[in-house]
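Everything on this sheet refers to the single structure shown next.
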Amino acid sequence: MTKNYIAGEWLAAAEACPNINPSNTNDVVGEYALASATETEHAIAAASDAFPAWSHSTIQARHDILKAVGDEIQARKDELGRLLSREEGKTLPEGIGEVTRAAQIFQFFAGECLRVAGEKLSSVRPSVDVEITREPVGVIGLITPWNFPIAIPAWKIAPALAYGNTIVLKPAELVPGSAHALAEIIVRAGVPAGVFNLVMGRGAIVGEKMLSSSKVSAISFTGSVPTGRKIAQSCITSEPMKKLQLEMGGKNPMVVLDDADLKLAVGCAVNSAFFSTGQRCTASSRLIVTEGIHDQFVAAMQERMRGLVIDDALKAGTDIGPVVDQSQLDQDLTYISIGQAEGAKLVAGGKLLKREAPGFYLAPALLTEVSNQMRVAREEIFGPVATVIRAKDYDEALELANDTPFGLSSGICTTSLKYASHFKRNAEAGMVMVNIPTAGVDYHVPFGGRKASSYGSREQGRYAQEFYTSVKTAYTFEGNGP
Ligand code: NAD
């Protein structure tokens, strides 16, 4: 059984659960520990005990550890990418790409350790000096989803450690393998005992314990809106209240205007809607297409989708791997039926596929004649299912794009500078994309959304310090007496 890492030791748990390959359900990646509430408490206590020393460690020490982690991930990207694709089902190039991203994030935050700056200002009062500094927050609980098994843990762990916090990481139950491999690398890089703890297990047990512990100062969560809402309530009612960062779902629009480059628009839509099996919070699940190009766009999408290879994630030439598990597959199929019952037309895919080994294979689905009020256009499906919504003109397309409970990423394909500029200013989303897929971002700039998609400060880049540090304002009287 693969163990948890608590207080500087690898510890077996009483319970374990199999990590199943969605491309071949006969293939068990491994048996991974499921931690109990007591083991979680142990990890939290260890992180709390380690905090005073780590929060005063030198920035050189933190830099060296993060750099070593990034370098080892980079050196082993093919092997780690394979593990990731085997447990999650994204294609091997996507798996290797995600692992590379994790390495880049650690390398970026290694540099950020050396750039933590404060401010020194003049006071409004005579002979008084004001300094603003940033300090670590404390023990941070990190709760991550299954769809980015290494990149999301990386973009939480790296800044948490860089700014002097200690950590308890709870990865998603479905994909513990990549988080476990990452933990081994972090341990090997020389992180002191208790500074980093890995507690694999269930949300209702490990997650809840982290939320109820008075020793945890902050929670950074990525996952669905219902879980995020529960977590927010716990953080606010717990004693003491916890600092909170939530990254949640999306129902991202991609607007295609009459003047778009059709080939580029279809490329953006296929990439955003279906790559990584559509299981990305930034996926384009609403393709909002203006009248003049609508039919041509749908026909070109059907043509392009016919050529997609859906197969084992590890096979060379696969464009799209399987859905992650049976329950996500059931959800995708249910939404396809809901859409059809609401009056949408299924014009491509949407059927189960048989491949060499038993797996959760679904042909990416395209639903047309969708209205923005249908459930398939309002609720996050989180699979390879895209809707096409017809719009009269740019103004209506923008209105439809913004008419959603979510606000993560919003895209437009157009050759018009006027519309591109207007869209950038008026899209109600944390990230706006012009002639580029809604999914796929840089690691050195902020990531996050608005409305139901995000709560709290941004992740990634320099902006990560807002969450992972606490600001202190210090006044010094430098005269002889007030
Ligand atoms: P989920 O909400 O089911 O689970 C996320 C994590 O929360 C898991 O580790 C789970 O074990 C844990 N959890 C569940 N119940 C809990 C509880 N009561 N207390 C504490 N922790 C608990 O989400 P998921 O199915 O793993 O991931 C898919 C969702 O994640 C989608 O909605 C997707 O849009 C979202 N997501 C968002 C982003 C982003 O950055 N905005 C990125 C990736 C995924």
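A compact table of results
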{"item": "Subset of the range 294-322 (residues that are in contact (Cβ under 8 Å) with a residue 60 or more places away in the chain, assigned to a helix (DSSP H, G or I) and in contact with a helix residue (DSSP H, G or I) (Cβ under 9 Å, 6 or more places away or on another chain))", "result": "PHE297, MET301, MET305"}
{"item": "Output for the range 458-482, where each listed residue is assigned to a loop (DSSP other than H, G, I, E, B) and more than 17 Å from CYS281 (Cβ to Cβ)", "result": "GLY461, GLU478, GLY479, ASN480, GLY481, PRO482"}
{"item": "Within the range 318-335, considering residues that are within 14 Å of the ligand (Cβ to nearest atom) and polar (S, T, N, Q), the one surrounded by the most Cβ atoms within 10 Å (Cβ to Cβ)", "result": "GLN328"}
{"item": "Residue match in the range 102-110 (condition: closer than 24 Å to ASN26 by Cβ and polar (S, T, N, Q))", "result": "no"}
{"item": "Flag if PHE297 is over 16 Å from VAL376 (Cβ atoms), in contact with an Asp or Glu (Cβ under 8 Å, 6 or more places away or on another chain) and not assigned by TED's automatic domain parsing to the domain that holds THR25", "result": "no"}
{"item": "Qualifying positions in the range 279-317 - in contact with a Leu (Cβ under 9 Å, 6 or more places away or on another chain) and within 16 Å of the ligand (Cβ to nearest atom)", "result": "CYS281, THR282, ARG286"}
{"item": "Positions within the range 397-413 being surrounded by fewer than 23 Cβ atoms within 10 Å (Cβ to Cβ) and either touching a Leu at 6+ places or on another chain (Cβ under 6 Å) or under 20 Å from GLU291 (Cα atoms) (or both), in sequence order", "result": "LEU398, GLU399, LEU400, ASN402, ASP403"}
{"item": "Qualifying positions in the range 323-351 - touching a helix residue (DSSP H, G or I) at 6+ places or on another chain (Cβ under 8 Å) and farther than 20 Å from GLN302 by Cα", "result": "VAL323, VAL324, ILE338, GLU342"}
{"item": "Helices (runs of 4 or more DSSP H) lying entirely in the range 5-89 (those with 1 or more residues that are touching a residue at least 12 places away in the same chain (Cβ under 8 Å) and touching a Cys at 6+ places or on another chain (Cβ under 9 Å))", "result": "59-75"}
{"item": "Residue that is modelled with the lowest pLDDT, among those in the range 248-263 that are in contact with a helix residue (DSSP H, G or I) (Cβ under 8 Å, 6 or more places away or on another chain) and within 7 Å of the ligand (Cβ to nearest atom)", "result": "GLY249"}
{"item": "Matching helices (runs of 4 or more DSSP H) fully within the range 137-219 where at least 3 residues are within 10 Å of the ligand (Cβ to nearest atom) and within 23 Å of SER276 (Cα to Cα)", "result": "151-162"}
{"item": "Counted residues, the range 417-443 - those being away from the ligand (no atom under 16 Å from the Cβ) and either of a type in the set (Lys, Arg) or under 15 Å from the mean Cα position of the chain (by Cα) (or both)", "result": "3"}
{"item": "THR282 being part of a helix (DSSP H, G or I) and more than 23 Å from PRO18 (Cβ to Cβ)", "result": "no"}
{"item": "Only listed residue being touching a strand residue (DSSP E or B) at 6+ places or on another chain (Cβ under 8 Å), farther than 21 Å from GLY228 by Cα, modelled with pLDDT of 95 or more and not in a helix (DSSP H, G or I), chosen from VAL445, VAL432", "result": "VAL432"}
{"item": "So ARG229, is it surrounded by fewer than 24 Cβ atoms within 10 Å (Cβ to Cβ) and either more than 16 Å from the ligand (Cβ to nearest atom) or hydrophobic (A, V, I, L, M, F, W, C) (or both)", "result": "no"}
{"item": "Criterion violated by GLY292 - all others in (1) modelled with pLDDT of 95 or more; (2) in the same structural domain as GLN460 (by TED's automatic domain parsing) satisfied", "result": "(2)"}
{"item": "Yes/no for LYS263 being under 24 Å from VAL434 (Cα atoms), within 18 Å of the chain's Cα centre (by Cα) and either in the same structural domain as PRO145 (by TED's automatic domain parsing) or of a type in the set (D, E, K, R) (or both)", "result": "no"}
{"item": "Test: residue in the range 174-188 that is modelled with pLDDT of 95 or more, within 14 Å of ALA47 (Cβ to Cβ) and surrounded by 21 or more Cβ atoms within 10 Å (Cβ to Cβ)", "result": "yes"}
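Residue by residue, here is whether (1) in contact with a Lys or Arg (Cβ under 8 Å, 6 or more places away or on another chain); (2) among the acidic types (Asp, Glu); (3) under 24 Å from SER224 (Cα atoms) holds:
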{"position": "LEU346", "(1), (2), (3)": "no, no, no"}
{"position": "GLY350", "(1), (2), (3)": "no, no, yes"}
{"position": "LYS354", "(1), (2), (3)": "no, no, no"}
{"position": "LEU366", "(1), (2), (3)": "no, no, yes"}
{"position": "GLU369", "(1), (2), (3)": "yes, yes, no"}
{"position": "GLU380", "(1), (2), (3)": "yes, yes, yes"}
{"position": "PRO384", "(1), (2), (3)": "no, no, yes"}
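The values are calculated or read from the model by the stated rules, or taken from the named source; none is laboratory data. Being a predicted model, the structure only gives us computed values, none of them experimental. All Cβ positions, glycine included, derive from the backbone under ideal geometry; neighbour counts span all protein chains shown.
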